[in-house]
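Below: the structure, in structure tokens.
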Amino acid sequence: MTGDPVETAVDLVVGGPPCPTFSRIGKAKINSLKQLGFFENDQRGELYERFIDHVEELQPLAVLMENVPEFLNHGKENFGFLAARRLHEMGYVPAYSLLNAAAYGVPQWRERFFLLALHEELGIANPGFPLPRFDTSSMPAGMDINRKAALSRVNTRDSPGQGQMFKSNNWWLPSPRAESILPTPVTAKDALGDLPEYRQNREPMFTRTNRYWESTGSVSYTRKADSAYARLMRNWPGLKVVDGIPAHHHLTRHTTFESGRDVNIFRLMEPGDEFPRALQIAEENYARLCQAKARERGQNLQAEELQAIRKACVPPYDDSKFPNKWWKLRPDEPVRTLTAHLCKDSYSHIHYDSDQARMITVQEAARLQSFPDSFVFRSSMNGAFRQIGNSVPPLLAWNIAAYLLQQIRESTAVRLEVLHPQLGHLKHAEDAGTLSGQDELRTSPLSR
């Protein structure tokens, strides 16, 4: 559009090729379709190649790609290695790793594959990823199992540590480790504790249009922001909240409020409880209700009555197939990974507050993904949940981008100083002025 040659017009290509074919979510359905002969292979798995085709055409200085951890182990192939190898053949120095969002201030145990590739013209022999800012050594056991499965196709023997020269054409980097003691991760309560309560029997303040839920106002904060994370969400640099959160973010799915089935279960669940415990609570509720009605009537209930009461009390799901289908947030820990599936079923994230007895709202999901409160989702409720689950957490993205910028600018300044000492000095000063000092790059918004 500017008329500049394509190869000099683009500095950065960044994105996430579609991940459904790699993700563990929906695998049972995909496998069943394969058995029925609907398709021999999932062609969405080739879309990362189209991403690299754009890189080859645009020839940027830097490339950043994101995907699910299973990108490293799909169909007995390490697609991270395949992507890195192709970029290397195109003149880039690649590196790929798994990064956990909780290590960078996001209140969520969310691990994702990232691939960074810097063009060899930059002269950066050891591209890397930002050091963690929070301790994630105590991540849930299930995540460690999934990580080992994802890494089973990765050759980690000859992999260097952060900042070391690559010893092989493997390009895998272990997740960065800090040398100092780090604070504990941001928790669910840190993220949600200051947000206004939501009661499902209260009418939400929105009207429906053909395209999205249009807010008719805003919802004021009712509590003080008593955590650094909550203060950041309200006052993100350049995006300070003025009138409160948009009203159409202050809603969630309605549970079976008429019978009170799920609401009553939510109230009795303890933080960390999953569906097997929820089912046990439901069975206990069912037994109590049947006994109470039998005593009231003075005789045993008929089969039809028992069936009606069971339907009103007990969810009709098999706890052996999806034991973590329901999960109540632990207030003192990060939450589990938010996924796009929230748009269809948000019982995977039940609020820790038993008095509210509900799933998380759109605004709470946005908080847990580190979207500033001033960010507006122009979509339906389902669309907003899908956008949040599919996105890279903004705070994680900020850390990666800042570190990438630091690598490029430091390399550029050094090379200029070698070739033209005076020019290199001026360039370095210009960069420092633009960034309000080099410390801006090394300090995340959360720590500020």
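The values are calculated or read from the model by the stated rules, or taken from the named source; none is laboratory data. Note that the structure is predicted; figures quoted are calculated from it, not measured. Neighbour counts run over all protein chains shown; Cβ positions are idealised from the backbone, glycine included.
Suppose we keep only residues that are surrounded by 18 or more Cβ atoms within 10 Å (Cβ to Cβ) and more than 21 Å from the chain's Cα centre (by Cα) within region 96-123. Which one would you say is nearest to residue 70 (Cα to Cα)? By that ranking, first place goes to 117.
In this structure, is residue 333 crowded, with 18+ Cβ neighbours inside 10 Å, farther than 25 Å from residue 219 by Cβ, at pLDDT 95 or above and out of contact with any His (no Cβ under 7 Å at 6 or more places or on another chain)? Yes; evaluated as a whole, the condition is true for this residue.
Of the residues 279, 301, 338, 289, which is among the aliphatic types (A, V, I, L, M), part of a loop (DSSP other than H, G, I, E, B) and surrounded by fewer than 22 Cβ atoms within 10 Å (Cβ to Cβ)? It would help to see each step written out before you state the result.
Working: 279 fails: part of a loop (DSSP other than H, G, I, E, B); 338 fails: surrounded by fewer than 22 Cβ atoms within 10 Å (Cβ to Cβ); 289 fails: part of a loop (DSSP other than H, G, I, E, B).
Within the list 279, 301, 338, 289, the selection yields 301.
Residue 65 meets all of the listed conditions (1) closer than 24 Å to residue 149 by Cα; (2) more than 22 Å from the chain's Cα centre (by Cα) but one, namely (2).
Looking only at region 341-356, which residues are among the aromatic types (Phe, Trp, Tyr) and either outside any loop (DSSP other than H, G, I, E, B) or in contact with a Ser or Thr (Cβ under 9 Å, 6 or more places away or on another chain) (or both)?
Hit for region 341-356 is 347, nothing else.
State whether one or more residues within region 246-259 are part of a strand (DSSP E or B), modelled with pLDDT under 95, surrounded by 14 or more Cβ atoms within 10 Å (Cβ to Cβ) and in the same structural domain as residue 362 (by TED's automatic domain parsing). Yes, because at least one residue in region 246-259 is part of a strand (DSSP E or B), modelled with pLDDT under 95, surrounded by 14 or more Cβ atoms within 10 Å (Cβ to Cβ) and in the same structural domain as residue 362 (by TED's automatic domain parsing). Can you find a residue in region 172-184 that is among the β-branched types (Val, Ile, Thr), at pLDDT 95 or above and in a loop (DSSP other than H, G, I, E, B)? There is at least one residue in region 172-184 that is among the β-branched types (Val, Ile, Thr), at pLDDT 95 or above and in a loop (DSSP other than H, G, I, E, B). Which members of region 279-327 meet the condition of being of a type in the set (Gly, Ala, Ser) and touching a Ser or Thr at 6+ places or on another chain (Cβ under 8 Å)? If the condition is that a residue be of a type in the set (Gly, Ala, Ser) and touching a Ser or Thr at 6+ places or on another chain (Cβ under 8 Å), then 312 is the only one that fits.
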